[in-house]
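Engineer: First, the structure itself, so that you have it in front of you.
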Amino acid sequence: MGIVENMDKTVKDPSHAHHVSPTHDHRCAGLVPLFSELPQNDQDFIDSQLHHRIFEKGDQVFMPGDELKLLIVARGSMKVYRMSRSGREQLLRVQKPGGYEGEAWLLGQPNDSLYGQALETTEVCLLSHSAFHKVLLEQPLLSVRLLELNAAKLVSLEQLNGFLGMDRVEERLATYLLDIAKASGSLRFSLPIRMKELAHLLGTTPETLSRKLKVLEDDGLIARRRREIQILNQDELEDI
């Protein structure tokens, strides 16, 4: 049975996550494009404002309607998905250490469709929208630097965070298939979205996507029957 049919739709309260002491070794601010080009002392100040939380496997990390915040994965992994109109989960990506969600939310854009769930014990760095405003008030020069550095980035924040940062369609497709396998805990799974939607997500056409899947089949990396996929050679798929 595919991953869609096996989904656990129980939403766990993020308040059940364990709070972590502010004293930590992770430096998360520099992992995010919004802050990565700032001087180190500014990044250190932002790191001092972050809260760290531990989420256990299956815990809901975020969902629509939550307080706007930036989330950075320090360790572990988190799947990011949306729900279709029929109530089926559609996996978009898996965020691993260094991955992040919510850069646009930090700037006031609402989250109206995305969910995040821990795939294992996962530590997340959190910076709330209100804490971000406090940072800007206490460090006025920081807001000027951010505006200068990000004026050209704002229209493509989601793109920076997705598959389109990869040059080749083959790489985006391989990454997506490996992410689904990790999220489902199996090398055999059902694609959770239609081919047309997957092609759009990967920044290509349905025709090109079909050709790339056929190449993976011919090379012995996957077996495919319609939307059912089995990864046959995980190592080679990771090397694409």
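The values are calculated or read from the model by the stated rules, or taken from the named source; none is laboratory data. Note that the structure is a prediction, hence the values are computed from the model and not measured. Ideal geometry is used to build each Cβ from the backbone, glycine not excepted, and the neighbour counts take in all protein chains shown. SASA here: full protein model, heavy atoms, side chains in, ligands and nucleic acids out. Shrake-Rupley method; radii C 1.70, N 1.55, O 1.52, S 1.80 Å.
Engineer: Over segment 29-140, with the other protein chains present, what is the accessible area per residue in square angstrom, probe 1.4 angstrom?
Structural biologist: Accessible area per residue, segment 29-140: 41 Å².
Engineer: In Å², what does the accessible area per residue of segment 166-239 work out to with a 1.4 Å probe?
Structural biologist: 56 Å²
Engineer: About its Cα centre, how strong a charge dipole does segment 29-140 have in debye, to the nearest 20, once Lys and Arg get +1 and Asp and Glu get -1 at the Cβ?
Structural biologist: That gives segment 29-140 a dipole magnitude of about 520 debye.
Engineer: Pop a pseudo-label 7 angstrom from the Cα along the beta-carbon direction at both S36 and H129 and give the gap in nm to one decimal.
Structural biologist: Taking the two extended label points, one gets 2.5 nm.
Engineer: Okay, next question. Just to check I understand the Karplus step: with θ = phi - 60° and J = 6.51 cos²θ - 1.76 cosθ + 1.60, what whole-Hz values come out for segment 131-145, glycine and proline as x?
Structural biologist: So the Karplus estimates, Gly and Pro as x, are 5, 4, 5, 4, 4, 5, 5, 7, 10, x, 5, 5, 5, 5, 4 Hz.
Engineer: If you roll a 1.4 Å probe over segment 166-239 with all protein chains in place, what percent of the accessible area is carbon or sulfur?
Structural biologist: Answer for segment 166-239 is 43 percent, counting heavy atoms of protein chains only.
Engineer: Find how much the distance from D219 to E197 grows on full extension, using 0.36 nm per residue of separation minus their present alpha carbon separation; answer in nm with one decimal. Let's see the in-between values first.
Structural biologist: Values: separation 22, 0.36 × 22 = 7.92 nm, distance 2.45 nm.
Full extension from D219 to E197 adds 5.5 nm.
Engineer: Out of segment 191-220, which trypsin sites (Lys or Arg not before Pro) are coil in DSSP terms and have no more than 12 other C-beta atoms within 10 Å?
Structural biologist: Loop-located and lightly packed - none at all.
Engineer: Distance check, please: which entries in K57/K134; K79/K196; K57/K214; K182/K212 exceed 29 angstrom between their Cα atoms?
Structural biologist: K57/K134; K57/K214
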